[in-house]
Amino acid sequence: MKDREGGKLIVKIKHVMSITVVLAGFLLWYAAVQAAEPAVILNVSYDPTRELYQEFNAAFAKYWQKEKSQAVVVKQSHAGSSKQARAVIDGLDADVVTLALAYDVDAIAKVRLLPSDWQKRLPHNSSPYTSTIVFLVRKGNPKGIRDWDDLVKPGVAIIPANPKTSGAARWAYLSAWGYALKKYGNDDSKAKEFIGKFYANVPVLDSGARGATTTFVERGIGDVLVGWENEAYLALKELGAGKFEIVTPSISILAEPTVSLVDKVVKRKGTEVVAQAYLQYLYSDEGQEIAAKHFYRPRTEAVAAKYAGQFAKVNLFTIDDVFGGWQKAQQTHFADGGVFDEIYKPNK
Amino acid sequence: MKPIRVTADTDLQWKDSLTTESSLVRRLLIAAAFFYLTLFLFIPLAAVFAEAFKGGMAAYVGSFLNEDALAAIRLTLLVAFVAVPLNAVFGVAAAWAIAKFDFVGKQILVTLIDMPLAVSPVISGLIYVLLFGAQGWLGPWLAEHDIKIIFALPGIVLATIFVTVPFVARELIPLMQSQGRDEEEAAITLGASGWQMFTRVTLPNIKWSLLYGVILCNARAMGEFGAVSVVSGHIRGLTNTMPLHVEILYNEYNAVSAFAVASLLTLLAIVTLAAKAVVERKMLSPIIVADPVLPVQAGSSR
């Protein structure tokens, strides 16, 4: 009896020991995996830039290895632009942010993670590439959509994203508003009426640009997707050119996605130099070429000239000219109780 | 004699005597059930695998052999590895306290354990952002001491623990309550120490229910999307769990990889179901064993 008890105890001890060994091994392995990584920076970005930064990060790592012989890994995080800004404010350790619009970076500046004059620190308003808002329609353009006017006709189903959460959707809204202002001679109430008709034609509002694209392209809802030019070209490339067509309106907004260092984070992590170089490399020839390849409009003249044939000519206006900047546009149109809330009533 | 005996033939008789529907109705009902399950469960599940293998075996395997996918799998395993044992220990302790003792606030404790099932996962994530986020209650203190909770491993583990708290405890509480404390009291009277009583009396009595709870808890821990999505920060190769990785891949027009990773999660579900079925059968057997009229079966499962 005693022997059996002793044997059982030994078996028990063996069990405990083997579990401990497995546990310790697991933790060691996890620690080793963590430790083996080189200088790491985190780029917190918005939805449609996934493919762009995948290629750009590899190019930058190569460049940095050659210049400074230091290995660098750039981690990526993607979601709707405002959601990402919120995450950085709540403590997501972004070394750099590359967001859809300046307002979202301003929000981060408000909690003093970066200085309020951040937009002056890099060339072209800290916007290394631009884009605009275009229409993606189904093959053959069955509803005959040519310009903004055609969108507000009865029976046309428009798929934009939700301007409350999506950068692209805010650009699209402002773009339509700018068109209406021009058409009706700067009459705000006429523009509001136009936008009202626009959103009356919207069957569903996705929270992000990529969600809107999948709604239109994969779920087959709606007649026209109103969104990023780069996103429209990517959809064409990824999902078959035969199924969709891009329609460029007569005028549209110059969408300036902006980038910034997050000063407080890089200072704490000691990654200021490499993060700064990362953003500057976006303005290099290689960075600009990669942006152009992913259908963002490049900023530097040489690269812009080289890829000029890729983009349709379109009259572009800026948010500063027509709306007096993001802060003002946000206050009037997208804040709680703003114009968008007045206009948009779901399930009409 | 009890009115219902759980043996093969009496079981059948009992069933027949209660079934008064014609065989046509019975068949229609069964067909309807199968049709419904085929439409809403089996076809979607088959579609996951069909999509996953669309690009061939090489593409399927390739979906797992990149750094981000491996990191997501590793993270998911690690999170479950921490969350499940913690909840198992907590579940046993809580069920023990609730079933064997009387104390003030017992009902509140029971309600609290159920709470994660009642709140939306988004809330489960947001409470941790409110607590530990940079703008949250403890945020400034954590930042000062360079401790990362949300948008890092601890936050993901915390959110997972929160949503999986009820599984083990809920499984054990009714069982331990119905078992009462007679056997434990007998063990103590016979001179057993507290630990001996637990390992030799309580644990054997609850082991199958415990395992059942652990299996469900694990399935939820690995599959949780909402709460984890809020606290993850979506950093590839760092804070993306498998369910989050599936969403990312799908949004990148990478359907084959998305469904390949999804098929792995589906396999996990199937394994869970199989394990659940086995454990369920084991859970039922002690009832038969305890029946003195059936001495033959009593020997077989001891």
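Out of every Cα-Cα pair that segment B:83-211 contains, those further apart than 19 angstrom amount to 59 percent. Taking amide H atoms as placed 1.01 Å from N in the peptide plane, the amide H of A:L254 lies under 5 Å from those of A:F317, A:T318, A:I319, each 5 or more residues away in sequence or on another chain.
FRET efficiency for the B:Q177 to B:R26 pair, using the beta carbon distance and R₀ = 41 Å, is estimated at 0.65.
Compute the Rg to Rh ratio over segment A:40-117 from the alpha carbon atoms, using the Kirkwood formula for Rh, and round to two decimal places. Over the Cα atoms of segment A:40-117, Rg/Rh equals 1.01.
Structural descriptor for segment A:206-334: relative contact order 24 percent, calculated from alpha carbon pairs under 8 angstrom and at least 6 residues apart. Residues in segment A:244-256 carry Karplus couplings, in order, of 9, 9, 9, 10, 9, x, 5, 10, 7, 8, 7, 7, 10 Hz; the curve used is 6.51 cos²θ - 1.76 cosθ + 1.60 with θ = phi - 60°, and Gly or Pro positions show x. When segment A:70-223 is described by a simple charge dipole with +1 on each Lys and Arg Cβ and -1 on each Asp and Glu Cβ, the residue from A:Y173, A:G196, A:I221 located farthest towards its positive end is A:I221. Give me the angle, in degrees from 0 to 90, between the Cα long axis of helix A:167-183 and the longest principal axis of the Cα atoms of chain A, rounded to the nearest 10. Value to nearest ten degrees: 10. Taking N as the residue count of the protein assembly as shown, its C-alpha radius of gyration divided by 2.2 N^0.38 Å amounts to 1.18. Dipole orientation for the protein assembly as shown: of the candidates A:F317, A:S126, B:A169, B:A169 has the Cα lying most toward the positive pole (charges on Cβ; Lys, Arg +1; Asp, Glu -1). Normalising by the residue count of chain B, find the relative contact order in percent from Cα pairs under 8 Å and 6+ residues apart. Normalised by residue count, the contact order of chain B is 27 percent.
Per-residue Cβ counts within 10 Å, from other chains only, averaged over B:248-258: what number is that?
4
Sequentially through segment A:53-63, phi angles give Karplus couplings (6.51, -1.76, 1.60; θ = phi - 60°) of 6, 4, 6, 4, 4, 5, 5, 5, 4, 5, 4 Hz, Gly and Pro residues having no value and appearing as x.
Excluding same-chain neighbours fewer than eight residues apart, the aspartates and glutamates reachable from A:K182 by a Cα-Cα span under 18 Å are A:D147, A:D149, A:D150, A:E193, A:D320, A:D321.
For A:K68, the lysines whose Cα comes closer than 20 Å to its Cα, not counting residues fewer than 8 places off in the same chain, are A:K267, A:K269.
For segment A:202-348, the percent of C-alpha pairs falling in each 10 Å distance bin, counted from 0 to the bin holding the largest distance, reads 9, 26, 35, 24, 6, 0. For the pair segment B:106-132 and segment A:286-321, the centres of their Cα atoms are 49 angstrom apart.
In nm, to one decimal, how far is the modelled label at A:E342 from the one at A:A241, with both set 7 Å along Cα→Cβ? If labels sit at A:E342 and A:A241, their model points lie 4.5 nm apart.
Taking 0.36 nm per residue of sequence separation and subtracting the Cα-Cα distance, how much length would be gained by fully extending the chain between B:V89 and B:E67, in nm to one decimal?
4.6 nm
Here the Karplus curve 6.51 cos²θ - 1.76 cosθ + 1.60, taken at θ = phi - 60°, turns the phi angles of segment A:91-108 into couplings of x, 5, 6, 7, 7, 10, 10, 10, 9, 6, 7, 4, 4, 5, 6, 4, 4, 6 Hz, with x standing for Gly and Pro.
Report, in listed order, any pair from A:K83/A:K264; A:K139/A:K190; A:K143/A:K183 with a Cα-Cα distance greater than 29 Å. Result: A:K139/A:K190 exceed 29 Å.
Straight-line reach from A:K66: which lysines have Cα under 22 Å away, leaving out those fewer than 8 places along the same chain? Counting by Cα, and skipping residues close in sequence, A:K66 has these lysines nearby: A:K75.
Equivalent ellipsoid of chain A: semi-axes from √(5λ) of the C-alpha gyration tensor, largest first, are 45, 26, 21 Å. Pairwise Cα separations in segment A:119-267 fall into 5 Å bins from 0 onward with the following percentages, short to long: 2, 10, 18, 21, 19, 12, 8, 5, 3, 1, 0. Its alpha carbons considered, segment A:206-280 gives a radius of gyration followed by a Dmax of 18.0, 50 Å.
Given an 8 Å cut-off on Cα distances and at least 6 residues of separation, report the relative contact order of segment A:119-234 as a percent.
40 percent
Normalised by 2.2 N^0.38 Å, where N counts its residues, the alpha-carbon radius of gyration of chain B equals 1.24.
Dividing the summed helix terms, -39500 (n - 2.57) for each DSSP H run of n ≥ 4, by the number of residues in chain A produces a 222 nm estimate of -15000 deg cm²/dmol to the nearest 500. Restricting attention to chain B, lysine pairs at least eight places apart or on different chains and with alpha-carbon atoms under 20 angstrom apart total 4.
Each reported figure results from applying straightforward, stated rules to the coordinates on display, with no laboratory input. From a predicted model like this one, the values you see are computed outputs, not experimental measurements. All Cβ positions, glycine included, derive from the backbone under ideal geometry; neighbour counts span all protein chains shown.
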